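Trainee: One structure is given below, represented as structure tokens, and several questions about it will come after.
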Amino acid sequence: MEAASIRREWATGWPLLLAAFAGMAAPLLGRYTIGQFMGPMEADLGWTRTQITMGLTLSALVSFTLSPIVGRYSDVLNVRIFAIVGLILTGFMYAAFSLATTSVTLWVVLWILHAICAVLIEPVIWLSVVPTKFVASRSIAIAVVLCGNSLTVAITPALAQIFIDEYSWRMAFRLLGLLWFGSALLLTLFFFYDRRDHHAGARSETGAKARRPSILPLLKSPRFLKFALAIFAIFMAESAFLVHLAPALIDKGFTALSAAKLVGASGVTAIAGKLIAGWLFDHMPFSIVTTSVLVLLAAACALFPPFGAATFWATIVCCALGLTIGAMYTVSACVTRQLFGEEQFGFVFGTLTSVMVLASASGPLLGSYIHDRFGTYDLIYWAGVAIALASAVLLKTLGGGRDVLAD
């Protein structure tokens, strides 16, 4: 009976899932392609890499501020409207990056406007519709949607580099905006519908749930604070690695296109990392999973400075970084559930999402500063070794929570 229900869900729900998957991939285009634009913009406009990534950092702070508001209104308004309007406006603003001049102020303003538009297509918009079609296989359906951002990492760096080489960095912004956001918009128009279009009754049932207990004491607890500190450090390091991975490989002697392909490989393995980590959490205690992921991250960071110029080792490092970056999203969600329970998961994970946004805003800027100050990215990776190992020890002190096998 359950197998038949799962087959029926996928048979009827895959178009919706495809649209949500594409929508999840769209808002991250700016973050994951900026590395390809750094060199050409640096040469053409005379900027430092710190100035180039400044807009990215400020846009993350805008997202941090506005995301809770969009999340609140997504509960009472039609998210299909959010998705369509958000894709159109964000695609237009991404293409508008081609209008950049030597004015850093204009560049920052463009990024802030892009960020304001992008909050309309935050993950909560795309994930909100999954329960309307998937019940028996809801978790794996949500995991598939979350893999959308890994598609952006896997494809767009190489695609951006091809457009830059064939045309120019300005035309590349325009073509990517049209292709990436246009594709997501078409799928959204045909297949993405708000859950209240077909499940109005489910909304009232959700609203009738008992009021959740206050979580302020929990947020002040040593367990949460240590967990949040580890998440901040890990995501700050990983965001620095990801945004600066292509420039770091170019500094090691790779061509721009070869570097973009290696970054794409990290995106593919990030998808595997999310799914593998999810499977492991169903079969092992979370302490073993988190330690394994962070030891792999430390090993990848340690290999890059001495061996990153060799194609074989660079491939190993990029794939390992992708695995750990993807796995950490799953780790964050699963450990939150294990430590704080289902009833408080939404509150706690929402707070941790803000922590991740701040970390993702800080990492690229810190990476740019270190490169501008010391002329190398190697220091970032040595710091990554320390961060990964220290975070593994810190997470080990959190206690066991509920054993996964007991669920």
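Trainee: Is it true that some residue in segment 178-196 is touching a helix residue (DSSP H, G or I) at 6+ places or on another chain (Cβ under 6 Å), part of a helix (DSSP H, G or I) and modelled with pLDDT under 90?
Mentor: yes
Trainee: Residue under question is Leu29, and the condition is that it be closer than 22 Å to Gln161 by Cα and either at pLDDT 85 or above or aliphatic (A, V, I, L, M) (or both); does it hold?
Mentor: Judged against the criteria, Leu29 is a match.
Trainee: Could you list, in sequence order, all residues of segment 156-167 that are in contact (Cβ under 8 Å) with a residue 60 or more places away in the chain and surrounded by fewer than 18 Cβ atoms within 10 Å (Cβ to Cβ)?
Mentor: Within segment 156-167, Ile162, Asp165 qualify.
Trainee: Report, ordered by the first and then the second residue, all pairs with beta carbons closer than 7 Å, sequence separation of six or more or different chains, a first member in segment 374-389 that is outside the structural domain of Ala302 (by TED's automatic domain parsing), and a second member that is assigned to a helix (DSSP H, G or I) and of a type in the set (A, V, I, L, M, F, W, C).
Mentor: none
Trainee: Something else: Do we have any residue at all in segment 213-225 that's at pLDDT 90 or above and not polar (S, T, N, Q)?
Mentor: Taking every residue of segment 213-225 in turn, at least one turns out to be at pLDDT 90 or above and not polar (S, T, N, Q).
Trainee: Ok, one more. Quick test of your reading of the structure: Cys319 fulfils all but one of (1) at pLDDT 90 or above; (2) of a type outside the set (Val, Ile, Thr); (3) under 13 Å from Glu238 (Cβ atoms). Name the failing condition by number.
Mentor: Condition not satisfied by Cys319: (3).
Trainee: Separate question: Criterion first (over 18 Å from Pro157 (Cα atoms), modelled with pLDDT under 85 and in a helix (DSSP H, G or I)) does Val243 satisfy it?
Mentor: Working: over 18 Å from Pro157 (Cα atoms): no; modelled with pLDDT under 85: yes; in a helix (DSSP H, G or I): yes.
No: the conditions fail for Val243.
Trainee: Just to be sure before I move on: is Ala260 surrounded by fewer than 24 Cβ atoms within 10 Å (Cβ to Cβ), closer than 12 Å to Gln36 by Cα and in the same structural domain as Leu398 (by TED's automatic domain parsing) in the structure I sent?
Mentor: Here the answer is no, as Ala260 does not meet what is asked.
Trainee: Tally up the residues in segment 273-299 that are crowded, with 24+ Cβ neighbours inside 10 Å and free of Cβ contacts under 8 Å to residues at least 40 places away in the same chain, please.
Mentor: 1
Matching residues to (1) assigned to a helix (DSSP H, G or I); (2) at pLDDT below 90; (3) over 17 Å from Ile234 (Cβ atoms):
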{"site": "Ala270", "(1), (2), (3)": "yes, yes, no"}
{"site": "Ile276", "(1), (2), (3)": "yes, yes, yes"}
{"site": "Ala300", "(1), (2), (3)": "yes, no, no"}
{"site": "Thr336", "(1), (2), (3)": "yes, yes, no"}
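Trainee: Quick check on segment 14-22. Is at least one of its residues farther than 28 Å from Leu178 by Cβ and exposed (fewer than 15 other Cβ atoms within 10 Å of the Cβ)? Before the answer, list the steps.
Mentor: So the first thing to find is which residues in segment 14-22 are farther than 28 Å from Leu178 by Cβ, and the list is none.
Looking through segment 14-22, none of the residues is farther than 28 Å from Leu178 by Cβ and exposed (fewer than 15 other Cβ atoms within 10 Å of the Cβ).
The values are calculated or read from the model by the stated rules, or taken from the named source; none is laboratory data. Since this is a predicted model, take the numbers as computed values, not measurements. Glycine gets a Cβ as well: all are built from the backbone with ideal geometry, and neighbour counts include every protein chain shown.
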